[in-house]
Amino acid sequence: MDFTQRRILPHAVPSWVEAGALFFVTICAKERGTNSLCVEGAGDGLLAAARAYHERQIWYARLVVLMPDHLHALLAVPKERTLKTVVTQWKSYTAKTLGVNWQRDFFDHRLRGDESPDAKAAYVRENPVRAGLAGSAQDWRWQWEAGCGENGPGRQGSDVA
């Protein structure tokens with residue numbers, strides 16, 4: 001079979017983008033079409049690792065939703081870090097500790113001024129419903145959301161950048 005070489009995605013953030021900008025991130029498991037993330041052990045571990053990165057302020061995760069073969073997240077990073085470095089380190093950690101086999105790289109999209117973080121979060125929460133995996137977003141076990149009182153970019157009263 002002739003496989004087309006997957007293009008490397010640029011993750012450099014332009015200098016004019018404010019520190020703490022919120023990104024929509026998608027990270028895919030290497031084997032698509034197989035449930036390798038929403039299972040006991042891996043799923044719980046991935047959500048715990050996402051929360052730990054948030055609590056240690058390595059990233060600011062507004063929302064993380066696991067799907068069977070990929071995950072979606074709304075993330076910001078402190079000004080002294082880059083999104084590419086933080087996501088790459090998280091993938092490496094979860095691969096070693098949980099045995100998750102990730103695809104190379106990830107997709108990211110910075111939320112622009114006209115994009116509502118609340119609307120994007122609602123869209124991400126509905127992914128399991130659209131895929132027929134849950135009756136409602138609230139029923140989906142495989143998600144973690146920072147509490148309303150937790151500061152971080154994209155939240156009211158946040159002074160973290």
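The values are calculated or read from the model by the stated rules, or taken from the named source; none is laboratory data. These numbers come from a predicted model, not from an experiment. Quick reminder, even Gly has a Cβ in these numbers, built from the backbone with ideal geometry, and neighbours come from all protein chains shown.
I want to confirm something. Restricting to region 106-137 and keeping residues that are of a type in the set (A, V, I, L, M, F, W, C) and assigned to a loop (DSSP other than H, G, I, E, B), which single residue is nearest to ALA61 (Cα to Cα)? That would be LEU111. Select from region 46-74 the residues that are closer than 12 Å to TRP144 by Cα and surrounded by fewer than 17 Cβ atoms within 10 Å (Cβ to Cβ) and list them in ascending order. Scanning region 46-74 gives ALA48, ARG51, ALA52.
Each residue in region 83-114 was checked for being free of Cβ contacts under 8 Å to residues at least 12 places away in the same chain and within 12 Å of the chain's Cα centre (by Cα), and 1 of them qualify.
One residue stands out in region 95-148 among those that are closer than 14 Å to VAL65 by Cβ and β-branched (Val, Ile, Thr): the one that is surrounded by the most Cβ atoms within 10 Å (Cβ to Cβ), namely VAL124. Exactly one residue out of VAL77, VAL17 is surrounded by 14 or more Cβ atoms within 10 Å (Cβ to Cβ) and either over 28 Å from ASP114 (Cα atoms) or at pLDDT below 95 (or both), and it is VAL77.
If a residue has to be in contact (Cβ under 8 Å) with a residue 60 or more places away in the chain and more than 16 Å from the chain's Cα centre (by Cα) to count, how many in region 125-139 make the cut?
Result for region 125-139: 2.
Checked against (1) among the aliphatic types (A, V, I, L, M); (2) in contact with a helix residue (DSSP H, G or I) (Cβ under 8 Å, 6 or more places away or on another chain); (3) at pLDDT 95 or above, VAL87 passes all but condition (2). Put simply, of ALA137, ALA122, ALA131, ALA146 the only residue that is touching an Asp or Glu at 6+ places or on another chain (Cβ under 8 Å) and either at pLDDT below 95 or aliphatic (A, V, I, L, M) (or both) is ALA137.
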